[in-house]
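Here is the structure we will look at, set down as structure tokens.
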Amino acid sequence: MTTPAPRLEAIGLKRSFGGRAVVDDVSLSIGAGEILCLLGPSGCGKSTTLRLIAGVERPEAGSIALDGATVCDQRVFLPPERRSIGLMFQDFALFPHLSVADNVAFGLTGSRAEKRSRVKELLDRVDLARHIDGYPHELSGGEQQRVALARALAPRPRVMLMDEPFSGLDNRLRDGIRDETLGLLKDEGTAVMMVTHEPEEAMRMADRIALMRDGRIVQQGAPYNLYNSPVDKAAAAFFSDINVIRGTVQGGLTRTAFGEFLAPGHADGAQVDIVIRPQHLKLDFDRQGSGPLPTAREGVPALGRVTRARYLGRESLVELEMAFDGTRLQAVVPSVFLPKPGTPFWLMMRRDRCHVFPAGVRPAAQ
Ligand SMILES: Nc1ncnc2c1ncn2[C@@H]1O[C@H](COP(=O)(O)OP(=O)(O)O)[C@@H](O)[C@H]1O
Ligand SMILES: [Mg+2]
């Protein structure tokens, strides 16, 4: 049995502007019904990647195939309208002079009855059937967005490309529309590439995230894996605030307030950063100068004192200064927890929540 080709497969895409590679050796593949979020800071090349796949931009190198059929390489170049790709952008524009039904039917072929039935089906699905004969100006921003989604999906594109589609909507509206959109895309079985610069949005929407930086994909995987096994410090920091504990390697180990950490592969004298998210630090009360008895997994408890505590709504943020070396750490604790500055606490870091990365600084000259 042969496995089917991915719905969308891009290999080694490259595009430069003014001699600078803006998209550099980008490869990704998306299966039918799968949602891939291309995530990265503004200017890293996300929209250019999307435009290459859509066919509105030509790559200097690389190839693109849909269901195993090449739509773009060094010899072939299918124009956008022949790629069976749906597009949706933040500043989507509905045709103001066309009814909602005619907007959705815009890209459809077939008999009047067939078109009407597909339009009805999609408007039902986005809960706008009552507006079928209305006009765009009669709809709210969120409703217009849903019409734009229905329009993009109407011709049953094999691939849907979405560029920051929700960033024009206000926060409260956004969650609902996101979830609704997700449901519809899943039902239609379309392969989706959604571009976003917001990690929360990517975590919420994606089956898989491709993290992009300076034109390259630095890590790809399930949201859980990107969050919990970042490839480097910047990848870790993209998803949440991080704590960094700097140490010097001696014999493959680095000493910290929390005991020794393995730093295999780092030379003696090298600086390493031990990274842990504030959510993953555990606090325990002081018992007349001694800490808790930790499990092996929790490592060695270390003493710190509160410098500041703030309530954030669902959780509290506690900042502490470590007795060992003055390192400042942040811990996020569920619900209301506002200890006074100076209060001692014992902190624990689970080893499997810590990541050791090169510090990215040269050791001091000897
Ligand atoms: N047509 C163009 N001409 C020149 N530079 C461009 C063009 N399109 C994009 N760029 C540059 O390429 C970089 C990546 O842009 P873009 O793909 O839009 O990033 P993102 O969507 O991640 O914010 C930016 O520095 C941008 O200025
Ligand atoms: Mg962009």
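Derivation of every value follows stated rules applied to the coordinates shown; laboratory data play no part. None of the values given here were measured: they were computed from a predicted structure. FYI the Cβ positions are ideal-geometry reconstructions off the backbone, even for glycines, and counts take in every protein chain you see.
The distance between label points at residue 60 and residue 279 comes to 4.0 nm (points 7 Å beyond Cα on the Cα→Cβ vector).
Does region 210-323 come out rounded, prolate or oblate, given a ≥ b ≥ c as the square roots of the eigenvalues of its C-alpha gyration tensor, rounded meaning a/c under 1.5 and, failing that, prolate meaning a/b above b/c? Oblate, because a/c is 1.5 or more while a/b does not exceed b/c. Placing pseudo-labels 7 Å out from each Cα toward the beta carbon at residue 167 and residue 319 gives an inter-label distance of 2.9 nm. Between residue 200 and residue 300, the simple label model (points 7 Å from Cα in the Cβ direction) yields a spacing of 3.8 nm. Given R0 = 35 Å, the distance between the Cβ atoms of residue 69 and residue 95 translates into a calculated FRET efficiency of 0.65. The relative contact order of region 105-185 comes to 34 percent, based on Cα pairs under 8 Å that sit 6 or more residues apart. With a ≥ b ≥ c taken as the square roots of the eigenvalues of the C-alpha gyration tensor of the chain, please select rounded if a/c is under 1.5 and otherwise prolate if a/b is larger than b/c or oblate if it is not? Because a/c hits 1.5 or more and a/b exceeds b/c, the chain counts as prolate. Relative contact order of the chain: 15 percent, from C-alpha pairs under 8 Å at least 6 residues apart in sequence.
Per residue, the chain reaches -6500 deg cm²/dmol at 222 nm when only DSSP H runs of four or more residues are counted, each adding -39500 (n - 2.57).
Taking 0.36 nm per residue of sequence separation and removing the Cα-Cα distance, the residue 336/residue 290 pair yields an extension gain of 14.1 nm. Counted by Cβ distance under 14 Å from residue 83, the other residues give a net charge of +1, where Lys and Arg count +1 and Asp and Glu count -1.
The local environment of residue 23, defined by Cβ-Cβ distances under 11 Å, has a net charge of +1 under the rule Lys, Arg +1 and Asp, Glu -1. Positive-end ranking of 271, 205, 162 along the dipole of the chain, with charges on Cβ about the Cα centre, is headed by 271. Quick check: from the Cα gyration tensor, does region 5-71 come out rounded (a/c under 1.5), prolate or oblate? Because a/c hits 1.5 or more and a/b fails to exceed b/c, region 5-71 counts as oblate. Segment residue 222..residue 307, full-extension length gain: 27.0 nm, with 0.36 nm per residue of separation and the alpha-carbon distance subtracted. What is region 242-358's relative contact order, in percent, from Cα pairs under 8 angstrom and six or more apart in sequence? Result for region 242-358 is 30 percent. Maximal additional length on extending the residue 120-residue 138 stretch stands at 4.6 nm, based on 0.36 nm per residue less the C-alpha distance. Can you give the FRET efficiency to the nearest 0.05 for residue 244 and residue 82, using r as the Cβ-Cβ distance and R₀ = 51 Å? That gives a FRET efficiency of 0.55.
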